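Before any comments, here is the structure.
Every read-out reported here was derived from the displayed coordinates using simple, explicitly stated rules and does not represent laboratory data. Small disclaimer: the values here were computed from a predicted structure and weren't measured. Backbone-built Cβ (ideal geometry, glycine too); neighbour counts: all protein chains shown.
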């Protein structure tokens, strides 16, 4: 057990130096590259500085979380089924989450699928279809999520804590939104919010694992060439 204890002399732990490099592309996108050839795997992540506290006139609606769901309904290159098939065929595992301050999308998988994963991630973030045909169906999915949360004692207690602790701050509202406010979201609200918030200057794209940083940077530049700062 002694090797688990902090050093008595310095009482600190030494961490390996990072090999990550940071690049700001002409369109404002921040690209972080962290190559590590230890194993033939990669993680591709997009961190957008957009969460429930940024919903402004739509605070409490859960607009950010709803948008996270809807971008998976297809991109300019793939419909929703093709998108899922591309990730699965590449051996990837993907997911996303929304918090008060950010929305994050990620794909983990084998390094030989770098180009596919980048095409999928950049498509989700910058070029989603957000089809109106799927709008009401996905709304019903989230309504069930909201109802399940209200039936969960832990979730209910956290809501009460936040609404009590933050009487003015936007964090008083749940990320998923209040049911009565969520119901008011329109398809136009969703597309307008995406256009104004999912911009390259608010996005950090992170690639970590076994990859060539020169190739990765070139791929990202090509895939985001149509993205402009709003």
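Calculate the translational D of the chain in whole µm² s⁻¹ from Stokes-Einstein, where the hydrodynamic radius comes from the Kirkwood formula applied to all Cα pairs, the temperature is 4 °C and the viscosity 1.567 mPa s.
Numbers: Rh = 19.4 Å.
Result for D is 67 µm²/s.
Provide Rg over Rh for segment 106-208; use the alpha carbon set for both Rg and the Kirkwood Rh (inverse mean inverse pair distance). Show your work: numbers first, answer last.
On the way: Rg = 17.4 Å, Rh = 16.7 Å.
Rg/Rh: 1.04.
Name the residue, out of 189, 108, 151, whose mean-square fluctuation peaks in a Gaussian network model built on the chain with Cα pairs under 10 Å.
Residue with maximal mean-square fluctuation among 189, 108, 151: 151.
Compute the FRET efficiency between residue 163 and residue 97 as 1/(1 + (r/R0)^6), taking r as their Cβ-Cβ distance and R0 = 30 Å, and round to the nearest 0.05. Mind dumping the intermediate values first?
On the way: r = 21 Å, r/R0 = 0.71.
With R0 = 30 Å, the Cβ-Cβ based efficiency is 0.90.
Rounded to a whole number, what is D in µm²/s for segment 152-230 from Stokes-Einstein with the Kirkwood radius over alpha-carbon pairs (20 °C, 1.002 mPa s)? Don't jump to the answer; show the numbers that get you there.
Details: Rh = 16.6 Å.
My calculation gives 129 µm²/s for D.
Which one of 199, 19, 99 has the biggest mean-square fluctuation once the chain is modelled by GNM with Cα springs under 10 Å?
19
Output the relative contact order of the chain, whole-number percent, from Cα pairs under 8 angstrom with separation of 6+ residues. All intermediate terms of the calculation are to be shown ahead of the outcome.
Numbers: 384 pairs, mean separation 81.3, N = 230.
Worked out over the chain, it gives 35 percent.
Listing 158, 146 from the residue with the fewest other Cβ atoms within 10 Å to the one with the most, what is the order? Mind dumping the intermediate values first?
Working: 158 13, 146 19.
Ordered by Cβ neighbours within 10 Å, fewest first: 158, 146.
Which value in deg cm²/dmol, rounded to the nearest 500, describes the helix-derived mean residue ellipticity at 222 nm for the chain, given -39,500 (n - 2.57) per DSSP H run of n ≥ 4 and division by the residue count?
On the way: 8 runs with 86 residues, N = 230.
After summing the helix terms and dividing by residue count, I get -11000 deg cm²/dmol.
Could you order the peptides 204-210, 120-126 from most to least packed, using the average number of other C-beta atoms within 10 Å per residue? Could you put the intermediate results ahead of the total?
Values: 204-210: 19.9, 120-126: 24.0.
Result, highest mean Cβ count within 10 Å first: 120-126, 204-210.
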